[in-house]
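The values are calculated or read from the model by the stated rules, or taken from the named source; none is laboratory data. Computed from a prediction, not measured in an experiment: that's the story for all the values here. Positions of Cβ are backbone-derived with ideal geometry, glycine not excepted, and every protein chain shown enters the neighbour counts. For accessibility, only protein heavy atoms count, side chains too; no ligands or nucleic acids. Shrake-Rupley method; radii C 1.70, N 1.55, O 1.52, S 1.80 Å.
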Amino acid sequence: MSISLVVFDLGKVLLDFDYTIPARRIAEFSDAPLGAAGFLAANAPLLVRYETGLINTAQFCDEMRRAIRFTGNAETFSEIFADIFSPIEPMLQLHSALRAQGVRTFIFSNTNDLHISHIRKRYPFFASFDGYILSYEHGAMKPDAKLYEVVERETGCSGGEIIYFDDRAENVAAGTARGWNAILHETPEKSRAALERFGFAIGEV
């Protein structure tokens with residue numbers, strides 16, 4: 001069966017992220033003893049609800065500001081919370097090489113509206129995919145099979161037609177269970193080598 005689609009996770013595959021960045025900035029607006037670990041602990045339950053679409057952006061910001069005693073307004077919190085990313089340039093180059101060969105590509109990510117809005121504004125590469133399967137738009141998060149079904153439905157591809165890169169083993173396992181060519185992303189070099197094994201000429205990344 002020939003490959004019809006390459007699917008990429010977003011965080012830690014195409015974009016790195018670091019929650020210690022907003023944690024430090026939020027500390028300027030809060031008297032709570034946050035630190036990076038405290039920020040993540042306070043954030044986790046709300047973030048799951050937000051990234052599954054159970055609450056909207058306004059609700060997330062309001063609840064989060066109350067939880068961490070944030071003294072700034074919602075706009076300030078949104079800007080700080082969203083600015084956590086940096087590009088993984090070799091992977092962006094890998095994606096560009098695929099696009100130059102006419103390969104269809106999709107983003108498949110557990111994420112939220114604040115982060116995606118920020119990424120669309122900040123990183124031009126994001127506009128170069130054929131489509132996007134984003135958890136908050138579908139009421140489910142990886143590795144829930146429901147979200148993988150959305151990928152198959154919206155792309156028209158299934159099983160061995162799909163190559164899928166993700167940095168989390170449980171998400172890769174869920175793809176493998178559906179017959180996808182699911183690959184654990186560890187380094188750009190290893191992901192490039194994986195694509196080359198499927199016959200794609202990528203070159204150095």
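Some values worked out for this structure:
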quantity: In region 52-66, residue nearest to His138 (Cα to Cα) [restricted to those that are part of a helix (DSSP H, G or I) and open to solvent by 20 Å² or more (accessible area, probe 1.4 Å)]; calculated: Thr57
quantity: Complete set of residues in region 4-33 that are charged (D, E, K, R) and either over 23 Å from Tyr123 (Cα atoms) or not in a loop (DSSP other than H, G, I, E, B) (or both); calculated: Asp16, Arg24, Arg25, Glu28, Asp31
quantity: Criterion: small (Gly, Ala, Ser), over 20 Å from Thr20 (Cβ atoms) and out of contact with any Pro (no Cβ under 9 Å at 6 or more places or on another chain) - qualifying residue of Ala58, Ala42; calculated: Ala58
quantity: Failed item, numbered, when Ser117 is tested on (1) within 17 Å of the chain's Cα centre (by Cα); (2) surrounded by 18 or more Cβ atoms within 10 Å (Cβ to Cβ); (3) small (Gly, Ala, Ser); calculated: (2)
quantity: Unique match (being in contact with a helix residue (DSSP H, G or I) (Cβ under 7 Å, 6 or more places away or on another chain) and farther than 18 Å from Ile133 by Cβ) among Phe70, Phe108, Phe17; calculated: Phe70
quantity: Set Arg69, Arg99: member being surrounded by fewer than 18 Cβ atoms within 10 Å (Cβ to Cβ), within 30 Å of Ser191 (Cα to Cα) and touching a Ser or Thr at 6+ places or on another chain (Cβ under 7 Å); calculated: Arg99
quantity: Within region 173-193, considering residues that are within 17 Å of the chain's Cα centre (by Cα) and of a type in the set (Val, Ile, Thr), the one least open to solvent (accessible area, probe 1.4 Å); calculated: Ile183
quantity: Exclusive hit being more than 13 Å from Val6 (Cβ to Cβ) and more than 13 Å from the chain's Cα centre (by Cα), set Arg122, Arg104, Arg99; calculated: Arg122
quantity: Of all residues in region 73-90 being within 29 Å of Gly203 (Cα to Cα) and in a helix (DSSP H, G or I), the one that is least open to solvent (accessible area, probe 1.4 Å); calculated: Pro90
quantity: Subset tally (residues that are touching a Leu at 6+ places or on another chain (Cβ under 9 Å), open to solvent by less than 50 Å² (accessible area, probe 1.4 Å) and small (Gly, Ala, Ser)) for region 120-146; calculated: 2
quantity: From the options Glu170, Glu196, residue that is surrounded by fewer than 12 Cβ atoms within 10 Å (Cβ to Cβ) and out of contact with any Cys (no Cβ under 8 Å at 6 or more places or on another chain); calculated: Glu170
